[in-house]
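First comes the structure, then the notes that go with it.
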């Protein structure tokens with residue numbers, strides 16, 4: 001029996017995975033969205049091939065995609081990730097997209113793929129002025145790491161730069177937001193945790209035979225020792241959970257949000273080309289992603305299935321959906337190992353008092369009440385029985401989308 005994360009990765013899927021990790025790819029420079037079975041261009045990247053062509057516009061529907069001189073592929077029913085895999089490719093190669101314009105006309109446009117940098121996938125920060133206080137906010141969408149280039153982007157280095165900028169601004173506290181962050185490079189999460197603690201263990205890794213391996217922050221000193229909050233939600237997984245769990249176990253920061261995803265397993269990618277000794281993970285034969293290890297908190301517990309329970313629970317409109325690791329019957333079970341040796345942080349505040357104050361504020365806040373009620377509505381829609389009449393189904397889906405949009409406006 002295989003776990004949910006052990007899978008065969010076709011070359012397109014492996015390329016997409018590498019692009020996500022590196023934060024750059026070769027494409028046409030268009031942001032896509034899903035719209036009632038169609039792939040719509042929601043925005044055109046300035047300076048990209050699509051923008052320079054002059055005829056590609058936001059609102060265009062991509063009907064077909066053709067690689068070079070090959071036959072086109074119809075995109076009806078495609079998800080956005082699957083459409084993206086077809087549109088991206090190698091640098092300098094041609095891709096032809098058939099667009100349905102707003103007036104209903106069809107246009108075939110051939111574009112040459114260029115390097116596109118995913119700025120929105122990189123760390124960024126801002127100072128939020130709240131009364132007399134200045135709060136530093138760091139958005140960390142992925143634990144990216146580009147090992148393929150000497151000067152490639154690494155999330156650990158980028159977070160350190162943002163922390164230094166916020167310190168220079170004289171912030172009174174820092175919030176690190178890893179909501180919807182599905183994980184990434186283990187090395188970088190250890191680096192990031194090390195910015196807020198002195199030398200010590202961050203996570204433990206164990207396979208089914210050997211003793212646990214303790215992954216440590218070995219840099220002496222702390223870059224930032226002020227108040228710290230880690231924001232999480234049900235889509236915070238893997239490396240996000242390592243960071244949140246470490247800060248929680250050390251008592252270094254307060255974890256806020258909803259219960260995290262619960263992925264406590266480690267995967268390795270193995271190529272399928274025997275001529276390369278199975279070391280080329282970008283083989284035309286594809287590769288295997290295999291679960292080989294589990295990771296554990298420094299307190300000995302696992303995030304597998306249980307995830308990280310926040311210190312302060314803040315309602316989220318997806319919190320009741322059955323989309324976490326524990327909801328997959330093939331997921332590996334929860335277990336525990338011995339705790340690592342570590343020194344807890346002297347926070348200088350009462351966590352219990354903060355929990356009580358936050359709970360009281362949230363209970364009386366009308367916006368949080370509406371979000372909480374909406375989360376129940378969304379969960380019910382996900383479990384309801386749908387009609388098979390297309391018109392009625394579309395009407396129901398439109399009602400749900402409108403409800404979700406109104407919820408998103410609250411958050």
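Whether any residue in the stretch 53-60 is under 21 Å from the mean Cα position of the chain (by Cα) and either surrounded by 18 or more Cβ atoms within 10 Å (Cβ to Cβ) or part of a strand (DSSP E or B) (or both) is what I want to check. Spell out how you get there, then give the answer.
Taking the stretch 53-60 as the starting set, the residues that turn out to be under 21 Å from the mean Cα position of the chain (by Cα) are none.
No, there is no match, as no residue in the stretch 53-60 is under 21 Å from the mean Cα position of the chain (by Cα) and either surrounded by 18 or more Cβ atoms within 10 Å (Cβ to Cβ) or part of a strand (DSSP E or B) (or both).
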Considering only residues that are outside any loop (DSSP other than H, G, I, E, B) and in contact with a strand residue (DSSP E or B) (Cβ under 7 Å, 6 or more places away or on another chain), which ones fall in the stretch 288-331? 288, 289, 290, 291, 292, 293, 294, 295, 296, 302, 312
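Let's see how each residue does on (1) touching a strand residue (DSSP E or B) at 6+ places or on another chain (Cβ under 8 Å); (2) more than 22 Å from residue 187 (Cα to Cα); (3) free of Cβ contacts under 8 Å to residues at least 24 places away in the same chain:
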position: 263; (1), (2), (3): no, no, no
position: 269; (1), (2), (3): yes, no, no
position: 281; (1), (2), (3): yes, no, no
position: 286; (1), (2), (3): yes, yes, no
Condition first: surrounded by 18 or more Cβ atoms within 10 Å (Cβ to Cβ) and either in contact with a helix residue (DSSP H, G or I) (Cβ under 7 Å, 6 or more places away or on another chain) or over 18 Å from residue 263 (Cβ atoms) (or both). Now tell me which residues in the stretch 314-329 satisfy that. 314, 315, 316, 317, 318, 319, 320
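Determine whether residue 252 is part of a loop (DSSP other than H, G, I, E, B), farther than 21 Å from residue 327 by Cβ and modelled with pLDDT of 90 or more.
Yes: the conditions hold for residue 252.
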Looking at this structure, is residue 90 within 25 Å of residue 185 (Cβ to Cβ), over 19 Å from the mean Cα position of the chain (by Cα) and not in a strand (DSSP E or B)? yes
All conditions in (1) more than 30 Å from residue 357 (Cβ to Cβ); (2) surrounded by fewer than 23 Cβ atoms within 10 Å (Cβ to Cβ); (3) out of contact with any strand residue (DSSP E or B) (no Cβ under 6 Å at 6 or more places or on another chain); (4) touching a residue at least 12 places away in the same chain (Cβ under 8 Å) are true of residue 277 except (4)
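Residue 66 - would you say it is without any contact (Cβ under 8 Å) to a residue 24 or more places away in the chain, surrounded by fewer than 19 Cβ atoms within 10 Å (Cβ to Cβ) and not assigned by TED's automatic domain parsing to the domain that holds residue 282? It would help to see each step written out before you state the result.
Working: without any contact (Cβ under 8 Å) to a residue 24 or more places away in the chain: no; surrounded by fewer than 19 Cβ atoms within 10 Å (Cβ to Cβ): yes; not assigned by TED's automatic domain parsing to the domain that holds residue 282: yes.
It is false that residue 66 is without any contact (Cβ under 8 Å) to a residue 24 or more places away in the chain, surrounded by fewer than 19 Cβ atoms within 10 Å (Cβ to Cβ) and not assigned by TED's automatic domain parsing to the domain that holds residue 282.
The values are calculated or read from the model by the stated rules, or taken from the named source; none is laboratory data. Just so it is clear, the model here is predicted, and its values are computed rather than measured. Here Cβ is always computed from backbone atoms with ideal geometry, including for glycine, and neighbour counts include all displayed protein chains.
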